[in-house]
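Participant: Got a structure for you, questions after.
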Amino acid sequence: MGYFFEPALGKARVLNEPETYGAEIATGLPLPVANLFHLFGDDLQDRNLAGPSNPQNLTDLIAAGAFAKSASAPSVFILPGMFNSGQSRSHALSTSVETLTPVVEAG
């Protein structure tokens, strides 16, 4: 499940009322949810993990995790980041690792 294509989730509801919305989704589907594909920003480039650190990402991921748990989704899928202008692959990867470290530590 994700925020694009049909049937798309309402990202604002995932972030603002994760438990309620997750329960609605879980009870309204004939099959179990495989996972949640979460984007931090409004598209693939916005707030990507290879860019500057953004504390809102952790807040959003905690809400996305609460939604996934409530919807009985066993995992949350996130992209590791997109290359930014002038950024090498290794720099993009190391920046993504730095950005994800607090997320992993938060559980």
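Participant: Among the residues of segment 84-96 satisfying the criterion of being of a type outside the set (Gly, Ala, Ser) and exposed (fewer than 14 other Cβ atoms within 10 Å of the Cβ), which is farthest from Pro30 (Cα to Cα)? Let's see the steps before the verdict.
Facilitator: Filtering segment 84-96 down to residues of a type outside the set (Gly, Ala, Ser) leaves 84, 87, 89, 91, 93, 95.
Filter again for exposed (fewer than 14 other Cβ atoms within 10 Å of the Cβ), leaving 89, 91.
On the way: Arg89: 41, His91: 43 Å.
Among those residues, the one meeting the criterion is His91.
Participant: For Thr99, state whether it is in a helix (DSSP H, G or I), modelled with pLDDT under 90 and in contact with a helix residue (DSSP H, G or I) (Cβ under 8 Å, 6 or more places away or on another chain).
Facilitator: Working: in a helix (DSSP H, G or I): yes; modelled with pLDDT under 90: yes; in contact with a helix residue (DSSP H, G or I) (Cβ under 8 Å, 6 or more places away or on another chain): yes.
The answer is yes for Thr99.
Participant: Report, by residue number, each residue of segment 70-96 that is assigned to a loop (DSSP other than H, G, I, E, B), closer than 12 Å to Leu49 by Cα and of a type in the set (A, V, I, L, M, F, W, C). Let's see the steps before the verdict.
Facilitator: So the first thing to find is which residues in segment 70-96 are assigned to a loop (DSSP other than H, G, I, E, B), and the list is 71-75, 78-88.
If we keep only those that are closer than 12 Å to Leu49 by Cα as well, we get 78-84.
The answer is Ile78, Leu79, Met82, Phe83.
Participant: Still on this model: I'm trying to understand the selection: among the residues of segment 40-59, which are buried (at least 19 other Cβ atoms within 10 Å of the Cβ) and either over 20 Å from Ser94 (Cβ atoms) or out of contact with any Phe, Trp or Tyr (no Cβ under 8 Å at 6 or more places or on another chain) (or both)?
Facilitator: Residues satisfying the conditions are Phe40, Gly51.
Participant: Mind listing whichever residues of segment 1-33 are aromatic (Phe, Trp, Tyr), surrounded by 10 or more Cβ atoms within 10 Å (Cβ to Cβ) and not in a helix (DSSP H, G or I)? Give the steps one after another, and end with the answer.
Facilitator: Looking only at segment 1-33, we keep the residues that are aromatic (Phe, Trp, Tyr), and these are 3-5, 21.
Retained after the next criterion (residues that are surrounded by 10 or more Cβ atoms within 10 Å (Cβ to Cβ)): 3-4, 21.
Across segment 1-33, the qualifying residues are Tyr3, Phe4.
The values are calculated or read from the model by the stated rules, or taken from the named source; none is laboratory data. Computed from a prediction, not measured in an experiment: that's the story for all the values here. Here the Cβ is made from the backbone with ideal geometry for all residues, glycine too, and neighbour counts use every protein chain on show.
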